[in-house]
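**Student:** This is the structure, below, for whatever I ask next.
The values are calculated or read from the model by the stated rules, or taken from the named source; none is laboratory data. Values in this document were obtained by computation on a predicted structure and should not be read as measured data. Using ideal geometry, Cβ is built from the backbone for each residue, glycine included, and neighbour counts are taken over all protein chains shown.
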Amino acid sequence: MLAFAIGTVCRELGTGVYVAEISKAWLSPNFVPVIIFLVACFIAFSTGTSWGTFAIMIPIAVPTALYASSPLALSIAAVLSGSVFGDHCSPISDTTIVSSMASACDHIDHVRTQLPYAISMAILSAALFWILGLI
């Protein structure tokens, strides 16, 4: 609930437009999707929620992509995939905790076994977001 409240506050304050205006001077539109992806990864990993990251990042990513003339669909995909990655790997995520409990394994061991696969796919995804941003 708090994440959706933060998302609403970001939208009401015009955070997305503000970020877009500040970053427009120095940020190339080619790098917007990969940067959005990395920020979404960080927020979701830190908070342990993909849906909360959606609520926070979409109001920021959409205006940033529009103002920077970056592909909107690619920027939204970056938010969604970065959020799911961060939630999947976060040791404080409810789905990660439930997965380790359901498989009857140590929680940190479960997180450690997921990281190599998820990080390798995140690196591949970041590279693809960067390449697709260049097109």
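**Student:** What number goes with the only condition from (1) in a helix (DSSP H, G or I); (2) hydrophobic (A, V, I, L, M, F, W, C); (3) closer than 22 Å to G52 by Cα that I123 does not pass?
**Tutor:** So the condition that I123 fails would be (3).
**Student:** So if I check each of S28, S81, S46, which one is closer than 26 Å to I119 by Cα and modelled with pLDDT under 80?
**Tutor:** Values: S81 fails: modelled with pLDDT under 80; S46 fails: modelled with pLDDT under 80.
None of the others qualify; the one that does is S28.
**Student:** Now a separate question. If we scan region 74-91, do we find a residue that is surrounded by 16 or more Cβ atoms within 10 Å (Cβ to Cβ), closer than 16 Å to C41 by Cα and among the aromatic types (F, W, Y)?
**Tutor:** For region 74-91, residues surrounded by 16 or more Cβ atoms within 10 Å (Cβ to Cβ), closer than 16 Å to C41 by Cα and among the aromatic types (F, W, Y): present.
**Student:** Condition test on A65, is it within 12 Å of the chain's Cα centre (by Cα) and in contact (Cβ under 8 Å) with a residue 12 or more places away in the chain?
**Tutor:** No.
**Student:** Testing I92 on (1) under 17 Å from the mean Cα position of the chain (by Cα); (2) of a type in the set (V, I, T); (3) assigned to a helix (DSSP H, G or I), one condition comes back false. Which one is that?
**Tutor:** All conditions are met except number (3).
**Student:** Looking at A73 and the list (1) in a loop (DSSP other than H, G, I, E, B); (2) free of Cβ contacts under 8 Å to residues at least 24 places away in the same chain; (3) among the aliphatic types (A, V, I, L, M), which single condition is not satisfied?
**Tutor:** Looking at each condition in turn, A73 falls short on (1).
**Student:** If a residue has to be within 19 Å of the chain's Cα centre (by Cα) and surrounded by 11 or more Cβ atoms within 10 Å (Cβ to Cβ) to count, how many in region 96-135 make the cut?
**Tutor:** Of the residues in region 96-135, 18 are within 19 Å of the chain's Cα centre (by Cα) and surrounded by 11 or more Cβ atoms within 10 Å (Cβ to Cβ).
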